[in-house]
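Taking it in order: structure first as structure tokens, then the write-up.
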Amino acid sequence: MQPPPPDQPGGEHQGGEHQGGEHRGDDGSRAQRRIPLSAESANWQPQPSQAPPYQSQPSYQPQPPYQQQPPYQQQPQYQPPPSYQPPYQPQHPSQPLPLPSQQWPQPPRAPQPPPRSQPGPRDDATRYLCAAAHLNPSYADAAVKELLVEPIRSVPPSPGVDAAVVLAEAVAARTRGKLRDGALFLLAIVFVITTPIRLTLGWVLLAVLISLPRAATRQGLAARILQSKAYLVFVGLIAAAYLIFTFFYIFASLGASSLGGGLFGMPLIGMFIAVVILVILASDQLVIWSLLTERFRRSTAGSGSAGELRDIHQFSPRRFLQNLERYRTPEGGRDAAVTGVPLVVYRGYSPFVGAGTEYKPWSTALPLERLPDQPTDDESGGSKSTPTLSTSAFYERIREEMTKLVRATPLTPGRRMRELKVFEQVIVYARELVDHLDEGDAATALLDPHGAPRSGLPLEWAQHIKADPQEWARYYLCFQVETWDRDLVVSVYVNVAVDEGTLYVEWTPCLLFPIDRQYQNIDSLPTGKRTPLTQAVVEFIGLPVSMLGRIARLLTIFRPLPETRDPRRYGSLHSLREMAVDRNVHNYFQRADVERYAKILDSRFITAVSRIMREFGYSSTEFEQQVTSVVTNNVSYSGNFNAPVVVGSRISGDVSGGGTLNTGTAASKPST
């Protein structure tokens, strides 16, 4: 390699003194020590106008013990990792460069946990109803009688409930109860025959005393006395005295046969029968306790989610198990695969089966008046400047406006409004359906009088009912919100009708209260065996009083109605949830949420109807005034008006004349 020429002509070595690693020239100036040049500089020849090269000093030779460093070895060329991306080169000078974190490869990061998904709604309602089937024999009987006895009865909607699972537990509870009560009845007969009459009467008296607190339902002095601890101590002393007397009587009868036994003089057999009865009651309570604390507990609720049959179902009536298959479909029996509009056939008073009780309904009818800037049909020469307002168009626009509420915003606790369900429903009255079977419309809903009504109607027939409702068949647009882990359900049913000059609007909110508190307490039950054994002893003491009810349930057989055109065969009366709901909400927050959802839906609906009327060229002033008065439950009109207003269940207004109407009728609401 050719060394470069020195920077200055006078840079060659001059004689001088060497001090401290620096070179001092003759003139006393300091200069840094230069690096010796290689041997190639010896053959260098000066060029014109070029200074001679610098004469290097002899190369420094290291002395022992120093060792010369080995020559430099070139390292292998750097290879970028496979994940390396070349730096970004802009295609145009004006294009901005990316950030440094985008130019150069970043070191690998630790794997991040997957994002937490929003938890789905818990199936608490199904668990609680399964527990209700085993805790309350009356509920199990009512569920089986309503949903499994008639094979062609309409399946009612039951929000938040898997009907197949609940009905399977109801059948199991009823079967277990029949087997238990049958065994107890036979043993009781043997006990009465073999036990002395005085011991039998003493047991009956003790059963009456221990059953009085349960019968005291009214609040008063007698109820407070019967439910006090002093009364329980009194009953306990009587029971202890009876037990001591029983043992004394048995031992005395062994030594003196003259004391006598029962009808056949066998008191020991009667005592053995009593022990067997106690074992049966204890076993039954342990089975129920195991179901409540293991199968239906929140942490292990998945064991019964499929509604599978167990060994106890082998003793169940076959027709119940066959009808149970109708409910093994999505949405707890409501076949989601059916194309069309869901059909509900009811037989009671309220058509909104499965939705609970009505909550502050209102309706109104008012004339349609064109806006001042909108020409009428005559003025426009037959060409309408705005689209025609029809019932179907009104429903579609309402659906579009209300669907805008389906957003995950903090407007509602838990962002429940994102789970708002919007669906259609056709409701038919069973009695009138049977009366109109000879007509084409009724035959569409009930294809075969010996079969069940259809679960879904064709879209063409539903559109026909929407545009031209029948007295016995109505179309509703439904909005439903399931809150508090599906334990509290708010539903709204909307029905509208429009003709050339009148608009009718019906708004019916329904409230499905939470399941009874006694069934929800299964999540706080202890896992020990002390409680069920104590309950078995209490049931044993009160058996003579409860035996009458046990015999009645044992002899009760559910049979389907005769195959006639009886409306009770087709229409449903209650859903599984409605049979076990409480009479009120459980806390203030639930009450506040009911008001919140009702007002949010109500205000959005009123705004939507007003906007739709203006879009089609009609004035919404009259509608807004009437609805505002209805919602505030304080109707006060001055002057002439010709549109009646319905507040709650009372019609208020004067359809023909003027005057002043003042009413403060309060709509129904949960009692405090």
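The values are calculated or read from the model by the stated rules, or taken from the named source; none is laboratory data. All of these numbers come straight from a predicted model, not from anything done at the bench. Quick reminder, even Gly has a Cβ in these numbers, built from the backbone with ideal geometry, and neighbours come from all protein chains shown. Please note that ligands, DNA and RNA were not included when accessible areas were found on the heavy atoms of the full protein model with its side chains. Shrake-Rupley method; radii C 1.70, N 1.55, O 1.52, S 1.80 Å.
The set of residues from region 560-594 being among the small types (Gly, Ala, Ser) and out of contact with any Gly (no Cβ under 9 Å at 6 or more places or on another chain) comprises Ala580, Ala592. Among the residues making up region 450-476, those that are among the hydrophobic types (A, V, I, L, M, F, W, C) and under 15 Å from Ser390 (Cα atoms) are Ile465, Ala467.
Figure legend. Inter-residue proximity from region 408-430: first residues within 28 Å of Gln463 (Cβ to Cβ), second residues in a loop (DSSP other than H, G, I, E, B) and aliphatic (A, V, I, L, M), beta-carbon distance below 7 Å, spacing 6+ or different chains. Indicated pairs: Leu420/Leu405; Leu420/Val406.
Just to check your reading of the model, which residue among Ala467, Ala473 is touching a residue at least 40 places away in the same chain (Cβ under 8 Å) and either buried (at least 17 other Cβ atoms within 10 Å of the Cβ) or among the acidic types (Asp, Glu) (or both)?
The conditions single out Ala473.
Look at (1) under 30 Å from Asp485 (Cβ atoms); (2) at pLDDT 85 or above and you find that Gly160 fails only one, number (2). For the criterion of being surrounded by fewer than 16 Cβ atoms within 10 Å (Cβ to Cβ) and out of contact with any strand residue (DSSP E or B) (no Cβ under 9 Å at 6 or more places or on another chain), Glu539 fails.
Of the residues making up region 351-366, none is at pLDDT 90 or above and exposed (fewer than 15 other Cβ atoms within 10 Å of the Cβ). Screening Leu447 with (1) open to solvent by 60 Å² or more (accessible area, probe 1.4 Å); (2) under 32 Å from the mean Cα position of the chain (by Cα); (3) free of Cβ contacts under 8 Å to residues at least 60 places away in the same chain gives one miss only, at (2). For Ala125, the requirement of being modelled with pLDDT of 90 or more and open to solvent by less than 20 Å² (accessible area, probe 1.4 Å) is not met. Here Ser158 clears all of (1) in contact with a Leu (Cβ under 6 Å, 6 or more places away or on another chain); (2) open to solvent by less than 10 Å² (accessible area, probe 1.4 Å) except the condition numbered (2).
When region 429-444 is limited to residues that are under 15 Å from Leu343 (Cβ atoms) and not hydrophobic (A, V, I, L, M, F, W, C), the one that is farthest from the chain's Cα centre (by Cα) turns out to be His436. Would it be correct to say that Arg611 is in contact (Cβ under 8 Å) with a residue 24 or more places away in the chain, under 30 Å from Thr388 (Cα atoms) and either open to solvent by 30 Å² or more (accessible area, probe 1.4 Å) or touching an Asp or Glu at 6+ places or on another chain (Cβ under 6 Å) (or both)? The answer is yes for Arg611.
For the condition of a type in the set (Lys, Arg), open to solvent by less than 30 Å² (accessible area, probe 1.4 Å), within 30 Å of Ile288 (Cβ to Cβ) and touching a Phe, Trp or Tyr at 6+ places or on another chain (Cβ under 8 Å), Arg550 qualifies.
Quick one: is Val204 within 22 Å of Ala282 (Cβ to Cβ), β-branched (Val, Ile, Thr) and at pLDDT below 85?
Values: within 22 Å of Ala282 (Cβ to Cβ): yes; β-branched (Val, Ile, Thr): yes; at pLDDT below 85: no.
No; evaluated as a whole, the condition is false for this residue.
For region 505-557, a residue qualifies if it is within 22 Å of Pro137 (Cβ to Cβ) and part of a strand (DSSP E or B), and exactly one does: Ile515.
Would it be correct to say that Thr194 is buried (at least 20 other Cβ atoms within 10 Å of the Cβ), over 28 Å from the mean Cα position of the chain (by Cα), modelled with pLDDT under 90 and β-branched (Val, Ile, Thr)? Yes: the conditions hold for Thr194. Hey, can you tell me all the residues within region 321-344 that are at pLDDT 80 or above, more than 17 Å from Tyr570 (Cα to Cα) and hydrophobic (A, V, I, L, M, F, W, C)? Leu321, Val341 - these are the residues of region 321-344 that are at pLDDT 80 or above, more than 17 Å from Tyr570 (Cα to Cα) and hydrophobic (A, V, I, L, M, F, W, C).
Is one or more of the residues making up region 573-581 β-branched (Val, Ile, Thr) and either open to solvent by 50 Å² or more (accessible area, probe 1.4 Å) or more than 26 Å from Val171 (Cβ to Cβ) (or both)? Within region 573-581, none of the residues are β-branched (Val, Ile, Thr) and either open to solvent by 50 Å² or more (accessible area, probe 1.4 Å) or more than 26 Å from Val171 (Cβ to Cβ) (or both).
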